[in-house]
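Worksheet for the structure shown next.
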Amino acid sequence: QVQVAESGGGSVQPGGSLRLSCAASRSVSSIAPMGWYRQAPGKQRELVALITRFGKITYADSVKGRFTLSRDNAKNTVYLQMNSLKPEDTAVYYCNANIASRTYWGQGTQVTISS
């Protein structure tokens, strides 16, 4: 079992940057895969980026080259660095963690991109 909590959301202008953090209640090296999903109003939740136990990272095509997922095992935290943000990145971003075929979600953090 694990609890995860997101932080770092906010409102920025197009072209801006934000860094999201997902703090876990146990070692993130034991959680796989782990990463980020997002859900925009009226849309289904979608994958943003995931990291496997061995460090392989998968990104959604829509964020490749702009978002970077990283993991800090010492801090039990996974980060999502988001650059060159676009209005279509506006969504609630959720941390996702998987252990022993069970999936855990955080409460979500709002990201709004608007001029």
Selection from the stretch 71-86 of residues farther than 14 Å from G8 by Cα and at pLDDT 95 or above yields S84, L85, K86
Quick count over the stretch 57-77, residues being open to solvent by less than 10 Å² (accessible area, probe 1.4 Å) and of a type in the set (F, W, Y), is 1
Taking the stretch 87-115 and the residues there that are open to solvent by 60 Å² or more (accessible area, probe 1.4 Å) and closer than 19 Å to Q44 by Cβ, the one that is modelled with the lowest pLDDT would be T103
Cβ pairs under 8 Å, 6+ apart or interchain, first in the stretch 56-74 and part of a loop (DSSP other than H, G, I, E, B), second among the aliphatic types (A, V, I, L, M), ordered by first then second residue, are A60/L47; A60/V48; A60/A49; V63/V48; V63/A49; V63/M82; R66/M82; R66/L85
Expected single match for open to solvent by 20 Å² or more (accessible area, probe 1.4 Å), of a type in the set (A, V, I, L, M, F, W, C) and within 19 Å of Q3 (Cα to Cα) among L80, L50 is L50
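The values are calculated or read from the model by the stated rules, or taken from the named source; none is laboratory data. This is a predicted model, so every value here is computed, not measured. Cβ sites come from the backbone with ideal geometry, for glycine too, and all protein chains shown count toward neighbours. We work out accessible area using only protein heavy atoms, side chains counted, and drop any ligands, DNA or RNA first. Shrake-Rupley method; radii C 1.70, N 1.55, O 1.52, S 1.80 Å.
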